[in-house]
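Asks: This structure is in structure tokens; I'll ask about it shortly.
The values are calculated or read from the model by the stated rules, or taken from the named source; none is laboratory data. As the structure is a computational prediction, the values presented were derived from the model and not from experiment. Positions of Cβ are generated from backbone atoms using ideal geometry, with glycine treated the same way; all protein chains shown enter the neighbour counts. Note: areas computed on protein heavy atoms with side chains; ligands, DNA, RNA excluded. Shrake-Rupley method; radii C 1.70, N 1.55, O 1.52, S 1.80 Å.
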Amino acid sequence: MTHALRRALARADQGKALSEDEAAALMGARGEDLVRLQSVAAHLRDLGSGDRITYSRKVFIPLTMLCRDHCHYCTFAKPPARLEAPFLTPEEVLVIARAGRVRACKEALFTLGDRPEERYDVAREWLTSRGFGSTLEYVRATAINVIEETGLLPHLNPGVMSYEELARLKQVSASMGLMLETSSDRLSSKGGPHFGSPDKHPAVRLRTIEDAGRLAIPFTTGILVGIGEDARERAASVFAIRELHRRYGHIQEVIVQNFRAKPGTAMAGAPEPEDEEFLAAVATTRVVMGPHVSVQAPPNLSDMTQQLRLLDAGISDWGGVSPLTPDHVNPERPWPAIESLAATTASRGKALRERLTIYPRFAGSPDPYLAGKMRAPVGALVGDDGLAVEGTMPEPASWQDPEVTWKPRTIDLTFAKGSEAGLRADAGAVYGGIPAEDAVTSAWAAREVVPERLGAEIKEALRLAERHRPVSDDQALALFQAEGADLDALRRVADGLREEAVGDVVTYVINRNINFTNVCYVGCRFCAFAQREVDPEAYTLTLAEVADRAEEAWADGASEVCMQGGIHPDLPGSFYLDLLDAVKARVPGIHVHAFSPMEVLNGATKMGVSFREFLTACKEHGLGTIPGTAAEILDDEVRWLLTKGKLPADTWEDVVRTAHDVGIRSSSTIMFGHVDAPPHWVAHLRRIARIQQDTGGFTEFVPLPFIHRNAPIYLAGHARPGPSFEDSVRMHAVARILLDGVIHNVQVSWVKLGVDASAAILQSGANDFGGTLMEETISRMAGAGWGIRMTPEEFDDAIRAIGRTPAVRTTTYDRIATKTVS
């Protein structure tokens, strides 16, 4: 035994965390060393699963065997000439599912090739002739059929997916999966098993697994042992999976699958992994993943003797086993009879128990893991212990929009300002520094600044800006460091650009905020507004209450209502259209500014339509503009520290561009001062500018200072206590410079900054005071202390006090009335 293996075994036996090098050493355990490793792994398994080994009773639905990839070991994927039809028809899918229902199967495993329509005309034509734009659209439709007609729970394995595609398919599945197989780029190079397979590149697959975590999708993944990887690459693959699970907590099982060589493939002559090599991979995976993530090995790829040794190596699950359909990926390897598998399991003192495709931990805590429509189908099949209710299948539970179980009610949202001190105590003093977890912010804080060089760079940037010439990224970063006289100069230049663009008028809109629900499952770490359904402060307004508030606003002189709410798991996508109908029926003339890009994503995915279709429907129902919130920082590394499950930056941009394209304008925003740094700000502003140059759809840019007081990420010590006043001045001023000639209106948020600070910023490049709001909730719950409403008279007084002219505007910056100084 090598020293490295001896050390790794000792550390594993002591329950210590292993390094990747140590895991690689364990992958080489053989003989007595392997027996010792198996003992450690089995002990960990017992800590998490006790005497229970699970399996899922399933049917295997090979929706299509066409695939755009060319894996050198695969016999599942076939060219069109070898298939009777490109896809199973909906009727054929239901025949399989109904037969499975008769045999008490509860899982419908959808397995298919990646995006065959992008390689084969016959696939694209088949889908188009039936009204589907893609294979994934067809997967969604057939999954719905299976749920409605049979009650089986879809587990979807359709290959690599985008965030948006995962979000759509979450609505029609109990769980999803994608085998990582390997994290080694080497195996995708020429001569490797994944050469010529774009969907097998590790970064692409890891992004799908990560996006599933951001969306809180119960997920299955795993590694393929013996396709040419070495022990270190194998260990790295398991560590990559563990890292994603630690971040998002969504991996319910890790499959460790042994490669089997198949005739007729490029790897027909490749050696299969030896028994002990495979067992070491299984046991090491258990040690790395710990006791609570299921480790699975397919029983049909091992004989009975090997199955016993797999139990010894720490597996806790046999995977999906079908009493009806073959394993279409390994058709030469029939499933063992469930009775035989139970006997094998019992011989090691374990009890075989049937589970659902969604594991007990997720089934028992459906929020946020199950979409609202999936809760009844899962609830019909799950027992009190989170496992499957064994025996005859009940009648299918309705997948259609569930009965509204929440009781709409209003509550007093008056903020008890004095309570914040007790909540946060001295957190600001303790956690006021740069968050250690944000490497970019830390690196920025530690930068070396040469004052003379910085001053020269600021002066050159301002000289260019005054002449409406573009400034470089480095110069923009220099402006974000302006202090003292340089900051005064920055303010003067920005305010001069403001005067040239819009004159001396300061605008505002008379409006009302209507936050129709505070129930939300997304889990943004900066939000103090969101509640779970069971929380005492949770509320959802009725449609009549929303309409009442819109009518009150109209009667009070408002031209706009701004409607946004939490992402309620049980509200159907059509609820957004119902909100529009309710408001426009009561107050036809009011402008509806509603639904952030996150809400657009939610509505579109729940309804199973594209962003374009959803936004077009909203426009037809009376939507005027959308708020460009949910942007935070348009940098995925930063936004996932902040938001967990929110849409990626590219998806935010896709929604906004689509809205602009269908004639719906929007605002644009940034939320700054948390785990971000000036490099993120510059990149964000550049992205906003590019969108505006292409679409012209932004009405304004709104910097939103992070309100830290009640924000979970701040209270946990992982964020700064918001930007300084000087940071806010610099943000508005630099935004005016970088957006010069592109976006004319820069708005200041009086709710977050207060009137006095806002007045100073209105002399630093900003020209808009925002809205009267009437009922601001979200910032107030985060700890903003500047009230819930401004009257037009208060706006007028504040604007005149800085020598400017107030004017009331519409949402899209048309003037309603101009008020002159008396």
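Asks: Looking at region 664-691 only, could you name the residues that are in contact with a Ser or Thr (Cβ under 8 Å, 6 or more places away or on another chain) and open to solvent by 20 Å² or more (accessible area, probe 1.4 Å)?
Replies: Once the filter is applied, which keeps residues that are in contact with a Ser or Thr (Cβ under 8 Å, 6 or more places away or on another chain) and open to solvent by 20 Å² or more (accessible area, probe 1.4 Å), region 664-691 yields only 665.
Asks: For residue 339, indicate whether it is of a type in the set (D, E, K, R), open to solvent by 10 Å² or more (accessible area, probe 1.4 Å), at negative phi and without any contact (Cβ under 8 Å) to a residue 24 or more places away in the chain.
Replies: So residue 339 fits the description; yes.
Asks: Ok, one more. Are there helices (runs of 4 or more DSSP H) fully within region 700-756 with at least 2 residues that are open to solvent by 20 Å² or more (accessible area, probe 1.4 Å), closer than 26 Å to residue 625 by Cα and not hydroxyl-bearing (Ser, Thr, Tyr)? List them.
Replies: Counting at least 2 such residues, we get 750-753.
Asks: Okay, moving on. Is there a residue in region 315-323 that is open to solvent by 50 Å² or more (accessible area, probe 1.4 Å) and more than 21 Å from residue 254 (Cα to Cα)?
Replies: Yes: region 315-323 contains one or more residues that are open to solvent by 50 Å² or more (accessible area, probe 1.4 Å) and more than 21 Å from residue 254 (Cα to Cα).
Asks: Tell me, please, whether a residue that is among the small types (Gly, Ala, Ser), out of contact with any Gly (no Cβ under 8 Å at 6 or more places or on another chain) and closer than 25 Å to residue 324 by Cα can be found in region 100-110.
Replies: So far as region 100-110 goes, yes, one or more of its residues are among the small types (Gly, Ala, Ser), out of contact with any Gly (no Cβ under 8 Å at 6 or more places or on another chain) and closer than 25 Å to residue 324 by Cα.
Asks: Ok, one more. Could you check region 80-170 for helices (runs of 4 or more DSSP H) lying wholly inside it with 1 or more residues that are hydroxyl-bearing (Ser, Thr, Tyr), surrounded by fewer than 19 Cβ atoms within 10 Å (Cβ to Cβ) and free of Cβ contacts under 8 Å to residues at least 24 places away in the same chain?
Replies: 121-129
Asks: If you don't mind, another one. Do we find a residue being touching a Phe, Trp or Tyr at 6+ places or on another chain (Cβ under 6 Å), under 30 Å from residue 642 (Cα atoms) and open to solvent by less than 20 Å² (accessible area, probe 1.4 Å) anywhere in region 520-536?
Replies: Within region 520-536 (the criterion being touching a Phe, Trp or Tyr at 6+ places or on another chain (Cβ under 6 Å), under 30 Å from residue 642 (Cα atoms) and open to solvent by less than 20 Å² (accessible area, probe 1.4 Å)), the answer is no, since none of the residues qualifies.
Asks: Which ones in region 485-518 are open to solvent by 30 Å² or more (accessible area, probe 1.4 Å) and more than 30 Å from residue 791 (Cα to Cα)?
Replies: 485, 486, 488
Asks: Considering 448, 452, which residue is surrounded by fewer than 12 Cβ atoms within 10 Å (Cβ to Cβ), modelled with pLDDT under 95 and in a helix (DSSP H, G or I)?
Replies: 452
Asks: Another question, then. Being at negative phi and more than 28 Å from the chain's Cα centre (by Cα) is true for just one of 135, 89. Which residue is that?
Replies: Unique residue meeting the criteria: 89.
Asks: If the requirement is being without any contact (Cβ under 8 Å) to a residue 24 or more places away in the chain and either more than 25 Å from residue 771 (Cα to Cα) or under 22 Å from the mean Cα position of the chain (by Cα) (or both), which of these qualifies: 612, 657, 639, 686?
Replies: 639
Asks: Residue check, residue 190 against (1) surrounded by fewer than 24 Cβ atoms within 10 Å (Cβ to Cβ); (2) assigned to a helix (DSSP H, G or I), all met but one. Which one?
Replies: So residue 190 meets the others, but not (2).
Asks: For residue 211, only one of the following conditions fails: (1) among the charged types (D, E, K, R); (2) within 19 Å of residue 358 (Cα to Cα); (3) open to solvent by 10 Å² or more (accessible area, probe 1.4 Å). What is its number?
Replies: (3)
Asks: Here are the criteria: (1) assigned to a helix (DSSP H, G or I); (2) open to solvent by 20 Å² or more (accessible area, probe 1.4 Å). Tell me which single one residue 345 does not satisfy.
Replies: (2)
Asks: List the residue pairs whose Cβ atoms are under 8 Å apart, where the first residue sits in region 584-604 and is of a type in the set (Lys, Arg), the second is open to solvent by 10 Å² or more (accessible area, probe 1.4 Å), and the two are 6 or more positions apart or on different chains.
Replies: If the second residue must be open to solvent by 10 Å² or more (accessible area, probe 1.4 Å), the pairs left are 584/621; 584/622; 586/548; 586/551.
Asks: Sticking with this one: What are the residue pairs meeting all of these: first residue in region 533-555, first residue more than 11 Å from residue 579 (Cβ to Cβ), second residue open to solvent by 50 Å² or more (accessible area, probe 1.4 Å) and at pLDDT 95 or above, Cβ atoms under 6 Å, and 6 or more apart or on different chains?
Replies: What qualifies is 551/586.
Asks: Can you find a residue that is over 32 Å from the mean Cα position of the chain (by Cα) and farther than 24 Å from residue 374 by Cα anywhere in region 100-120?
Replies: Among the residues of region 100-120, not one is over 32 Å from the mean Cα position of the chain (by Cα) and farther than 24 Å from residue 374 by Cα, which makes the answer no.
Asks: Suppose we filter region 767-785 for residues that are at pLDDT below 70, outside any helix (DSSP H, G or I) and out of contact with any Asp or Glu (no Cβ under 9 Å at 6 or more places or on another chain); how many remain?
Replies: 3
Asks: Looking for something buried (at least 22 other Cβ atoms within 10 Å of the Cβ), assigned to a loop (DSSP other than H, G, I, E, B) and among the aliphatic types (A, V, I, L, M) - is there at least one such residue anywhere in region 477-484?
Replies: Yes - at least one qualifying residue is present in region 477-484.
Asks: In addition: Quick test of your reading of the structure: residue 597 fulfils all but one of (1) open to solvent by less than 10 Å² (accessible area, probe 1.4 Å); (2) modelled with pLDDT of 95 or more; (3) over 15 Å from the mean Cα position of the chain (by Cα). Name the failing condition by number.
Replies: (3)
Asks: Follow-up question, since we're still on this one. Within region 13-38, how many residues are of a type outside the set (Gly, Ala, Ser), part of a loop (DSSP other than H, G, I, E, B) and loosely packed, with under 14 Cβ neighbours inside 10 Å?
Replies: The total comes to 2.
Asks: Additional query: If I go through region 228-273 residue by residue, how many of them are over 19 Å from residue 295 (Cα atoms) and assigned to a strand (DSSP E or B)?
Replies: Final tally of qualifying residues: 0.
Asks: Can you confirm whether region 214-221 contains a residue that is more than 30 Å from residue 146 (Cα to Cα) and either of a type outside the set (Lys, Arg) or open to solvent by 10 Å² or more (accessible area, probe 1.4 Å) (or both)?
Replies: no
Asks: For residue 276, state whether it is in contact (Cβ under 8 Å) with a residue 24 or more places away in the chain and not in a helix (DSSP H, G or I).
Replies: Spelling it out, it is not the case that residue 276 is in contact (Cβ under 8 Å) with a residue 24 or more places away in the chain and not in a helix (DSSP H, G or I).
Asks: On to the next question. Just to be sure before I move on: is residue 498 touching a Ser or Thr at 6+ places or on another chain (Cβ under 6 Å), of a type in the set (D, E, K, R) and touching a residue at least 12 places away in the same chain (Cβ under 8 Å) in the structure I sent?
Replies: No; evaluated as a whole, the condition is false for this residue.
Okay, residues lined up against (1) surrounded by fewer than 23 Cβ atoms within 10 Å (Cβ to Cβ); (2) out of contact with any Pro (no Cβ under 9 Å at 6 or more places or on another chain); (3) not acidic (Asp, Glu):
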| position | (1), (2), (3) |
| --- | --- |
| 629 | yes, no, yes |
| 655 | no, no, yes |
| 659 | no, no, yes |
| 662 | yes, yes, yes |
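Asks: Search region 462-490 for residues that are farther than 18 Å from residue 672 by Cβ and pair each with any residue that is not in a helix (DSSP H, G or I) when their beta-carbon atoms are under 8 Å apart and the residues are at least 6 apart or on different chains.
Replies: 464/470; 464/471; 465/471; 465/740; 468/740; 468/741; 489/482
Asks: Assess whether residue 352 counts as being crowded, with 21+ Cβ neighbours inside 10 Å, among the aliphatic types (A, V, I, L, M), touching a Ser or Thr at 6+ places or on another chain (Cβ under 9 Å) and farther than 24 Å from residue 25 by Cβ.
Replies: no
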